[in-house]
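> For reference, the structure I am asking about is given below.
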Amino acid sequence: MVLIVISAFLIGTFIYIGNVSTEIFQSLVFGNEPVTGINQFILYSLSTVYTILQTTIIYLIFNKLLKRVSKNSKLLIAFIISLISISGAGLVTYLNTSSSNLLSFLSLILLSTGLLSIIFAILSFVFAKRKITGVNIITSIAVFAITIATCALFIILSVFSGLEKMNIQFFSNVNPDLKISPAKGKTIPNLDEMIQKLESNPQIVAYSKVIEEKVSIEYEDKQDIAYIKGIDENYTNVVRIDTTVVGGSYLDFSTPNQILTSDGVARRLQMYTDLRYGAKLSMPKPGTGLITNADEAFNSAVATSVGVVFINDQYDKYIFSPIELTQNLLQLPKNSAYSLEIKAKPNTSLNSLKKTLQSNLGNSVVVQTRQDLDATFIKVMNVENLIIYLIFTLVSTIASFNLAGAIIIIIIDKKKQIKSMWSFGMPKEHIKRIFFQTGLLITVSSILFGLVLGSIIGILQQQFGLVMANPFVAFPFEFTVSNFLVVILTVLAIGGGVSYLVSRKLPS
């Protein structure tokens, strides 16, 4: 258990050194420029070299320079070094009011020196003058391998659970509670009648008319294909899209010729907030016949970008506009919409409301809940989760080969004792059971150590964001009972199966 805690502390220290040194080297070498390609490789190489160099120096100090010092004295020296280093790091951080890179680097050196000194001193204390045999080494390797496999399986499942929860939350923030679409065609039939039925339903808080279609967008000398989503003034009562604006302002609906671009479209076109020069939007004209020029083939309009929204990858190719603009581009009447998006009252059963609306509105429309809209995404996430689980189950199976080796070595080491028990009349099945239980004990201990190590790393990730998904968001870590049970049952089944099969083979 002590080794598991030390390992978690050591891993956390390495991650901290790596992350902070990467930020400092990036600022020192590349400034505020974005780092990609070969520069990114150089940056990570510098961080890795620094981490290895500092770790090697601390190792040499405690295992070469202080080799003849007693373990108690070595531990005392480590605590003194750590106290001085960490205090110095705190003082440098306090004085570093101008965020100087050199002072930040000095603070990192002092703090990491203190942390690594404690770790290596404790390791020296734990392993000092301990009798080590071949059986101990093989058994320790088996415990370590299964512990790491268990820890890795638990971490990857927990991170994946966190990512799934975070993505579902992102989708929930931009998807309505319910959506009504036409069963055939694109426009909703009998729109006024549908709206009257929605207004009479006490479970519905708000609704919004929406038109969504592909559009060609040109700005200066750049062009992109995007999805334009025409919305009315009531849309923010259904989906709080206005809270995702990161630049400029939300649509004011004073004129139809304005758009709100997603971050992806804005980056590709280099078009952020521009009230002077508009972007040209084009859509193919409906109808048949020969086309003699571009004007006959497309409906076009010029719209100014009033703001930029940042939502998620699903909306990376979207622009938002007043519904009038999309109606004009598609040559639709003013009282028309492709869909109706609905906000239900809190604590309303969406499935129950879906059935009620489907019954009231008839078969000419299709009613979908938020879960129906996210069904494809959820299926993809489940498939990815299953594939990752199978991969790490294979890793755990490979790690269990060490357990098989450990049990075989124990059987060979105890060959004389086995013959003695046999000669005293102990049944062969009972002897086999002893080695099966030994393998099971190694497996259970490794599972506990792995779960403790994984939980410590998870807590550190939640509190300090040791590993970042992007410069602003850390990888989420979600503790769930199902993940604990899946890990325990999987590793226990693999370890138990290996222990049972190997314990069947006793020397004659």
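The values are calculated or read from the model by the stated rules, or taken from the named source; none is laboratory data. Remember, predicted model here, so these are calculated numbers, not experimental data. We place every Cβ from the backbone using ideal geometry, glycine too, and count neighbours over all the protein chains shown.
> Go through segment 58-94 and report how many residues are surrounded by fewer than 18 Cβ atoms within 10 Å (Cβ to Cβ), within 38 Å of the chain's Cα centre (by Cα) and touching a residue at least 40 places away in the same chain (Cβ under 8 Å).
Total satisfying the criteria: 2.
> Also, I was wondering about something else. Mind checking which residues of segment 34-64 are within 12 Å of residue 120 (Cβ to Cβ) and at pLDDT 75 or above? Please lay out each step first, then the result.
Within segment 34-64, the first condition is being within 12 Å of residue 120 (Cβ to Cβ), and the residues that meet it are 54-64.
Hits for segment 34-64 are 54, 55, 56, 57, 58, 59, 60, 61.
> For a quick check of your reading: which helices (runs of 4 or more DSSP H) sit entirely within segment 390-508 and have at least 3 residues that are under 39 Å from the mean Cα position of the chain (by Cα)? So that I can check it myself, show each step before the final result.
On the way: elements: 415-423, 428-464, 481-503.
Where helices (runs of 4 or more DSSP H) fall fully within segment 390-508 and carry at least 3 residues being under 39 Å from the mean Cα position of the chain (by Cα), they are 428-464, 481-503.
> Return a yes/no flag: does segment 419-435 have any residue that is assigned by TED's automatic domain parsing to the domain that holds residue 145 and closer than 21 Å to residue 144 by Cα. First the steps, then the outcome.
Initial filter on segment 419-435 (assigned by TED's automatic domain parsing to the domain that holds residue 145): 419-435.
Narrowing the set further to residues that are closer than 21 Å to residue 144 by Cα leaves 435.
Yes, some residue in segment 419-435 is assigned by TED's automatic domain parsing to the domain that holds residue 145 and closer than 21 Å to residue 144 by Cα.
> Before we move on, is residue 156 more than 30 Å from residue 393 (Cα to Cα) and among the hydrophobic types (A, V, I, L, M, F, W, C)?
Against the criterion (more than 30 Å from residue 393 (Cα to Cα) and among the hydrophobic types (A, V, I, L, M, F, W, C)), residue 156 does not qualify.
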